[in-house]
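**Student:** Here it is: the structure, laid out below.
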Amino acid sequence: MTFTRSELESYRNATIDDIVGPDVRLVFVGINPGLWTAATGAPFAHPGNRFYPAIHQAGITPYRIDARQGLTDADVEMLLGRGIAMTNLVDRATARADELTPAELREGAAALVRKLASWEPEVVAMVGITAYRRAFDEPKAVMGRQRTRPTAAEWWVLPNPSGLNAHETTASLADWYRKAARDATLDD
């Protein structure tokens, strides 16, 4: 599946559904949906995004999901069966996360905390340090486990898997994601 620029632009400000089941142990929180994600309805779906290769390499999933055309029912069933949920800090789709306003990030943080309170996960893993710092007013937050917890869960801030994040590789992302997943008890 490929999209033209104008087709992708037609998904600007669209939203996608959360992936969440009844027994959430590990929640991955993206910053917001990209246009490709909005077009497919699958989190982290852009072909250049390294999220699914990284979580597979980290041992979080038993196989590498290919979300470029959306998630299959089997993919969603496997994620939910392992206690993995996915959501976003801000719901609206943009071409780049830097299009979000500080107010949107703060409002998204408040909405996320409310959502997580009802899900009661063991671990929350936010991907994107800059968005986390702005959304939760933690300007000195560093990558890794957070001392300040917006909810009762363990909170981790992890590197963004976007291909635009040239500071990380799939292997380094897998190392970070594996660390956060250790705090959650995932089924094998």
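**Student:** Within region 164-179, is even one residue among the hydroxyl-bearing types (Ser, Thr, Tyr) and under 16 Å from ALA85 (Cβ atoms)?
**Tutor:** yes
**Student:** With respect to ALA117, is the statement that it is of a type in the set (A, V, I, L, M) and in contact with a Ser or Thr (Cβ under 8 Å, 6 or more places away or on another chain) true?
**Tutor:** In short, yes.
**Student:** Check whether at least one residue in region 170-187 is out of contact with any strand residue (DSSP E or B) (no Cβ under 9 Å at 6 or more places or on another chain), at pLDDT 85 or above, polar (S, T, N, Q) and outside any helix (DSSP H, G or I), and report yes or no.
**Tutor:** No: zero hits.
**Student:** Identify all residues within region 37-46 that are under 20 Å from VAL20 (Cβ atoms), touching a residue at least 40 places away in the same chain (Cβ under 8 Å) and either surrounded by fewer than 18 Cβ atoms within 10 Å (Cβ to Cβ) or touching a strand residue (DSSP E or B) at 6+ places or on another chain (Cβ under 7 Å) (or both); write none if there are none.
**Tutor:** The answer is PRO43, PHE44.
**Student:** If you don't mind, another one. Which residues, taken from region 11-37, are among the polar types (S, T, N, Q) and touching a helix residue (DSSP H, G or I) at 6+ places or on another chain (Cβ under 8 Å)?
**Tutor:** Matches in region 11-37: THR15, ASN32.
**Student:** Among the listed residues THR61, THR94, THR101, THR72, identify the single one that is touching a residue at least 24 places away in the same chain (Cβ under 8 Å) and of a type in the set (Ser, Thr, Tyr).
**Tutor:** THR94
Table: residues versus (1) modelled with pLDDT under 95; (2) surrounded by 14 or more Cβ atoms within 10 Å (Cβ to Cβ); (3) closer than 18 Å to ALA184 by Cα.
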position: GLY48; (1), (2), (3): yes, no, no
position: GLN57; (1), (2), (3): no, yes, yes
position: LEU71; (1), (2), (3): no, yes, no
position: ARG82; (1), (2), (3): no, yes, yes
position: ARG96; (1), (2), (3): yes, no, no
position: ALA103; (1), (2), (3): no, no, no
position: LYS115; (1), (2), (3): no, yes, no
position: VAL127; (1), (2), (3): no, yes, yes
position: ARG133; (1), (2), (3): no, yes, no
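**Student:** What's the total number of residues in region 69-86 that are under 14 Å from the mean Cα position of the chain (by Cα) and under 8 Å from VAL20 (Cα atoms)?
**Tutor:** 3
**Student:** Could you list all residues from region 1-36 that are over 16 Å from the mean Cα position of the chain (by Cα) and not in a loop (DSSP other than H, G, I, E, B)?
**Tutor:** Matches in region 1-36: ARG5, SER6, GLU7, LEU8, GLU9.
The values are calculated or read from the model by the stated rules, or taken from the named source; none is laboratory data. Remember, predicted model here, so these are calculated numbers, not experimental data. Counting neighbours? That spans all protein chains shown, and the Cβs are built from the backbone with ideal geometry, glycine included.
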